[in-house]
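The values are calculated or read from the model by the stated rules, or taken from the named source; none is laboratory data. All of these numbers come straight from a predicted model, not from anything done at the bench. FYI the Cβ positions are ideal-geometry reconstructions off the backbone, even for glycines, and counts take in every protein chain you see. We work out accessible area using only protein heavy atoms, side chains counted, and drop any ligands, DNA or RNA first. Shrake-Rupley method; radii C 1.70, N 1.55, O 1.52, S 1.80 Å.
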Amino acid sequence: MSRILPADGVAFEFTVPVVVIGGGAAGMVAALAAHERGAGVLVLERDALPQGSTALSAGLIPAPGTRWQRDAGIEDSPDRFAADILAKAKGEPDPTAVARVAQAVGPALEWLADRYGLPFSVVDNFSYPGHSARRMHGLPSRSGAELIDRLRGAVEAAGIDVLCEAQVTALHADGARVCGVEVTRPDGSVERVGCGALVLACNGYGGNRALVGRHVPELADALYFGHPGNQGDALLWGEAMGAATRHLSGHQGHGSVAHPAGILVTWATITEGGVQVNTEGQRFSNEAQGYSEQAAIVLRQPDGIAWTVFDERIAGIARQFEDFRQAEAMGAVLTADTPAELARQTKIGAEALAATLAEVDLLKAEGGTDRFGRSFAGSAPLVPPYRAVRVTGALFHTQGGLVVDDEARVLDAQGTPLPNLFAAGGAACGVSGSRASGYLSGNGLLTAVALGRIAGTAAAVVKEESNR
């Protein structure tokens, strides 16, 4: 469906200065930024309600040097954040691209708060793996659903047009310049909309099994926990127009999706001292290294299943997240007063589970490091009542994509910008490198918000220049 058609001789029903494809966080932020620069904007969304992968996320955006951090006494800076991103991805991402989003995201959050009333606050009671400062920012419910709802409300209040149930099935181009889009409606009717600039904000290819099998074969059969509309349209359009791509095997997995409930269980259950065991009651990894790489590790366990084991203290921290509260309400979080009772409920061998928990208790008491390299220094012991959730590994979204410059313009293979094509969020190459282990918590919404604002602003400028 991702076709490039000639623009010559095409009669567009109407023309809009800036068209944005995709109504997730990247698209909504781009629309707000372009509108603020005085451009007419149209957002095209394939679903009946704009949600995207944003609604499925925890809605947390990492940002350094914000006023919320300062109010909480947290010291941080864009340079420090960039160093953390590069360290997690072992230096693979382009340092210029990393610096670009690390510097842009804090001001973008403060802009969304000041201009559009989004009530961000910083998560200050636990840390995510790889972050040297507490810099995750979220809305009161700590949910992606609230984030996209508020962004959608801001777009509507600004009077920006959002056309839903409008799937873009082709781009019309004159050489390297995009002149318009073909929009297919649910009844099969087709409209053609001209544009001065086009922002691709329709994420990556996580919902396209063929592309996942090609680029991320280890997760070809994994549960996909992203939006089904992420079919790789932006990638395929870009490639057809000669765009450069990078790190297409990069992705975000997650080793803690409640099964079969299908609810994300916050990684605070691990970072605060919880562990994962397989169905044989054995630990099998350094869980604390990161939730993205843990997805494939969990999937290698018997039946692709693990149990995340923690306690009531940790559950109390996790309850700030709406997803966790939903998991409890659905009965996905088991409670037991003893290891033996926990073994009975999870159908794990009692001796094996008791031995594993005793080993963890000893490591914590001694501040030791286990055979997987996880340090338990300073980690509080697990005390009854215990909690456990049955989880599996999942693919959330892809991190590779179209290469963009400092204005989020899509570049060709020679590094030359395409005249009026922009990419943000999962459509653009992210800052996680080529492996799941390179994903630093929040990298997805980082590029959605930071590149979304950059792309929208620059697309509006292209519109201005084309009118001169």
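Say we look at region 357-384 and pick out the residues that are in a helix (DSSP H, G or I) and touching a helix residue (DSSP H, G or I) at 6+ places or on another chain (Cβ under 9 Å); which of these is nearest to residue 284 (Cα to Cα)? By that ranking, first place goes to 357. Looking at region 402-424, is at least one residue small (Gly, Ala, Ser), part of a helix (DSSP H, G or I) and touching a residue at least 40 places away in the same chain (Cβ under 8 Å)? Within region 402-424, none of the residues are small (Gly, Ala, Ser), part of a helix (DSSP H, G or I) and touching a residue at least 40 places away in the same chain (Cβ under 8 Å). Condition first: closer than 30 Å to residue 438 by Cβ, assigned to a helix (DSSP H, G or I) and open to solvent by 50 Å² or more (accessible area, probe 1.4 Å). Now tell me which residues in region 128-168 satisfy that. Within region 128-168, just 150 meets the criteria. Per this entry, residue 436 is not counted among residues that are in contact with a Phe, Trp or Tyr (Cβ under 9 Å, 6 or more places away or on another chain) and surrounded by 24 or more Cβ atoms within 10 Å (Cβ to Cβ). Quick one: how many residues across region 219-260 are open to solvent by 10 Å² or more (accessible area, probe 1.4 Å), β-branched (Val, Ile, Thr) and within 15 Å of the chain's Cα centre (by Cα)? Of the residues in region 219-260, 0 are open to solvent by 10 Å² or more (accessible area, probe 1.4 Å), β-branched (Val, Ile, Thr) and within 15 Å of the chain's Cα centre (by Cα). Tallying residues that are surrounded by 14 or more Cβ atoms within 10 Å (Cβ to Cβ) and under 34 Å from the mean Cα position of the chain (by Cα) within region 347-367 yields 8. Total residues in region 200-228 satisfying the condition of being under 18 Å from residue 168 (Cβ atoms), aliphatic (A, V, I, L, M) and touching a Leu at 6+ places or on another chain (Cβ under 8 Å): the figure is 2. Here residue 310 fulfils each of the conditions (1) at pLDDT 95 or above; (2) open to solvent by 20 Å² or more (accessible area, probe 1.4 Å); (3) outside any helix (DSSP H, G or I) apart from (2).
In region 261-277, what residues are without any contact (Cβ under 8 Å) to a residue 60 or more places away in the chain and open to solvent by 10 Å² or more (accessible area, probe 1.4 Å)?
Residues of region 261-277 without any contact (Cβ under 8 Å) to a residue 60 or more places away in the chain: 262, 270.
Result: 262, single match.
Does residue 281 qualify as being open to solvent by less than 10 Å² (accessible area, probe 1.4 Å), in contact with a helix residue (DSSP H, G or I) (Cβ under 6 Å, 6 or more places away or on another chain) and not in a loop (DSSP other than H, G, I, E, B)? No, not satisfied. Summed over region 57-87, the residues that are open to solvent by 40 Å² or more (accessible area, probe 1.4 Å), part of a helix (DSSP H, G or I) and among the charged types (D, E, K, R) give a count of 5. Scanning region 196-218 for residues that are surrounded by fewer than 23 Cβ atoms within 10 Å (Cβ to Cβ) and among the aliphatic types (A, V, I, L, M) yields 210, 211. Against the condition open to solvent by 30 Å² or more (accessible area, probe 1.4 Å) and touching a residue at least 12 places away in the same chain (Cβ under 8 Å), how does residue 96 come out, does it pass? Answer is yes for this residue.
Checked against (1) of a type outside the set (A, V, I, L, M, F, W, C); (2) at pLDDT below 95; (3) over 23 Å from residue 412 (Cα atoms), residue 466 passes all but condition (3).
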